[in-house]
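The block underneath contains the structure these notes are about, expressed in structure tokens.
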Amino acid sequence: MRRFAVILLMVVLSGPVLAEDKLVRVQAPQALMDTGLLKFALPRFSLKTQVRIEYVPEGAEADLVIGDTGRAIFQGPNQVWKMDVRSADHPGTKQLADWLASDVGQRTIASYAPDGTTLFGPPQAEARVVVEVTLDGDAELGHKVSREKCTRCHAVDEATKGWGIGSTPSFGVLRSLHDWEGRFAAFYALNPHPAFTQIEDVTDPFPMDRPSPIAPVELTFDELQAMLAYVAAMPAADLGKPLDHQ
């Protein structure tokens, strides 16, 4: 009997917690509510999960807000609707957010067609904006400067192939890297270049108490820009297909 009373007490105490886990407060603009979509779709979610939805007015505390901020989940009419999850650790809220983004949720939303007219559908992927980088340096000067300043370590073109240090990548190989522009624009700050490179009005002078390099590389900012223009115009090295590891 005593054991039964303890179990009953645990059930009673855990009841409010379980109920709270199964209640999600949702906020949405009146314009969306008036379409009838949420009253069509969310009861289907509740029937499957036993998670109850409570609609709260703007300004009230909400677990999930459907509006114009957050992750895009559907669109129409004439608007992309997004969800802002305010209670990410709440089990019921997580279930609802996952369901809205799932195939089942998306199909349910798309099936809402009052008077036979489909009003909502998946959000269209946002168009990627491609920014074309234009370098103002003198590419011809950059080629000349690269051959004068860099060939003791790098091959900078076909004519200097095999020059420099064997373990040092050529300009063509570096040009094939996705971050080539950042590497060349700030090469003077990347090891081992700071030990022997000076860019006029950019880098600090070598410390007076440090032995000077045997042959320091000295460039102006315009020459650096010219090198960037030269590398931008050169073809990237063809490194072939990636290696397959077994």
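The values are calculated or read from the model by the stated rules, or taken from the named source; none is laboratory data. Predicted model only: the values in this text are computed from it and were never measured. Note: ideal-geometry Cβ built from the backbone for every residue, glycine included; neighbour counts use all protein chains shown.
Taking region 146-165, which residues are free of Cβ contacts under 8 Å to residues at least 24 places away in the same chain and of a type in the set (Ser, Thr, Tyr)?
Thr151, Thr160
Could you tell me whether region 177-195 includes any residue that is in contact with a Gly (Cβ under 9 Å, 6 or more places away or on another chain) and assigned to a loop (DSSP other than H, G, I, E, B)?
So far as region 177-195 goes, no, none of its residues is in contact with a Gly (Cβ under 9 Å, 6 or more places away or on another chain) and assigned to a loop (DSSP other than H, G, I, E, B).
So, in region 34-93, exactly how many residues are surrounded by 15 or more Cβ atoms within 10 Å (Cβ to Cβ) and small (Gly, Ala, Ser)?
9
Please verify whether region 121-132 includes one or more residues that are at pLDDT 90 or above and in a helix (DSSP H, G or I).
Checking region 121-132: not a single residue is at pLDDT 90 or above and in a helix (DSSP H, G or I).
Pairs please, first residue from region 59-79 and among the basic types (Lys, Arg), second anywhere and surrounded by 20 or more Cβ atoms within 10 Å (Cβ to Cβ), Cβ atoms under 6 Å, 6+ apart in sequence or on different chains.
Short answer, once both residue conditions are applied: Arg71/Met83.
Can you find, within region 58-110, the residue that is farthest from Val24 (Cα to Cα) among those that are hydrophobic (A, V, I, L, M, F, W, C) and part of a loop (DSSP other than H, G, I, E, B)?
Ala60
Looking at Ala5, is it modelled with pLDDT under 90 and part of a loop (DSSP other than H, G, I, E, B)?
It is false that Ala5 is modelled with pLDDT under 90 and part of a loop (DSSP other than H, G, I, E, B).
When you scan region 58-80, do you find a residue that is at pLDDT below 95, more than 22 Å from Leu119 (Cα to Cα) and more than 31 Å from the chain's Cα centre (by Cα), even just one?
yes
Tell me whether region 151-164 contains one or more residues that are modelled with pLDDT under 90, of a type in the set (A, V, I, L, M, F, W, C) and more than 32 Å from the chain's Cα centre (by Cα).
Yes, the conditions are met somewhere in region 151-164.
Restricting the search to region 138-161, which residues are of a type in the set (D, E, K, R), touching a Phe, Trp or Tyr at 6+ places or on another chain (Cβ under 9 Å) and under 18 Å from Ser176 (Cα atoms)?
Result: Asp157, single match.
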